[in-house]
1. Name every residue in region 125-154 that is over 21 Å from residue 194 (Cβ atoms) and at pLDDT 90 or above, in order of residue number.
2. Pull up region 134-170, narrow it to residues that are among the polar types (S, T, N, Q) and over 44 Å from the mean Cα position of the chain (by Cα), then point me to the one that is nearest to residue 186 (Cα to Cα).
3. Being open to solvent by less than 100 Å² (accessible area, probe 1.4 Å), part of a helix (DSSP H, G or I), in contact (Cβ under 8 Å) with a residue 40 or more places away in the chain and among the β-branched types (Val, Ile, Thr), is that true of even one residue in region 101-118?
4. Would you confirm whether or not region 131-143 contains a residue that is assigned to a loop (DSSP other than H, G, I, E, B) and in contact with a helix residue (DSSP H, G or I) (Cβ under 8 Å, 6 or more places away or on another chain)?
Amino acid sequence: MLGIVVDVAEHAGEHPRALEDLLVATASGDREAFGLLYDATSARVFGLVRRVLVDAAQAEEVTQDVFLEAWQTAARFDPERGSAVPWLLTLAHRRAVDRVRASQASRERDLKTGIRDLDVPVDEVAEAAEIAIEHERVADALAELSPAQRECISLAYYGGCTQSEIAARLEVPLGTVKTRLRDGMIRLRDVLGVTT
């Protein structure tokens, strides 16, 4: 058998069934057969993978993965259904396309992460001025409210109190607090020119 296998490796083009025999022998754990199969087909597998991936280093990795998969799954090869080279090239093409898809997905994730983490330059002086102007507008708008509305809104938004806490603190019914807050917010919205 070894004499035939060596002859097959040297003249793979002359004995097309010989590669199938090597693949069948590989399925039974024959390391020599696998080595000869690799020697006879690795250039074609690498060529296909390189055309899909372009990058030589990635093509080498994927080619290695293809032959590892061939070693592990050689028992699935059925010489009655096809020949060894198309079987190997199918494995190679699938692996190469998977690598392209994984690379694209990785680039998209990196881009999204990069955009999210991108520090956008901020004009701190302009931002501080806008905040100061906004505070002044809110203070002026609060002055337009009744003292009862202003007190409820101040306790809720600046004091962090719940409606029940405001009612207890002011010793008024909860419904009164709700009405003051609602009416005060409507008045603030009108004074500030906020549209919904």
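The values are calculated or read from the model by the stated rules, or taken from the named source; none is laboratory data. Being a predicted model, the structure only gives us computed values, none of them experimental. With ideal geometry, Cβ positions are generated from the backbone for all residues, glycine too; neighbour counts draw on all protein chains shown. The area values use the complete protein model at the heavy-atom level, side chains included, leaving out ligands, DNA and RNA. Shrake-Rupley method; radii C 1.70, N 1.55, O 1.52, S 1.80 Å.
1. 147, 148, 151 - these are the residues of region 125-154 that are over 21 Å from residue 194 (Cβ atoms) and at pLDDT 90 or above.
2. Among residues in region 134-170 that are among the polar types (S, T, N, Q) and over 44 Å from the mean Cα position of the chain (by Cα), the one nearest to residue 186 (Cα to Cα) is 149.
3. The answer is no; no qualifying residue exists.
4. Applying the first criterion (assigned to a loop (DSSP other than H, G, I, E, B)) to region 131-143 yields none.
Checked region 131-143: no residue is assigned to a loop (DSSP other than H, G, I, E, B) and in contact with a helix residue (DSSP H, G or I) (Cβ under 8 Å, 6 or more places away or on another chain).
One line per residue, one yes/no per condition, for (1) more than 33 Å from the chain's Cα centre (by Cα); (2) not in a helix (DSSP H, G or I):
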site	(1), (2)
38	yes, no
46	no, no
50	no, no
66	no, no
75	yes, no
78	yes, yes
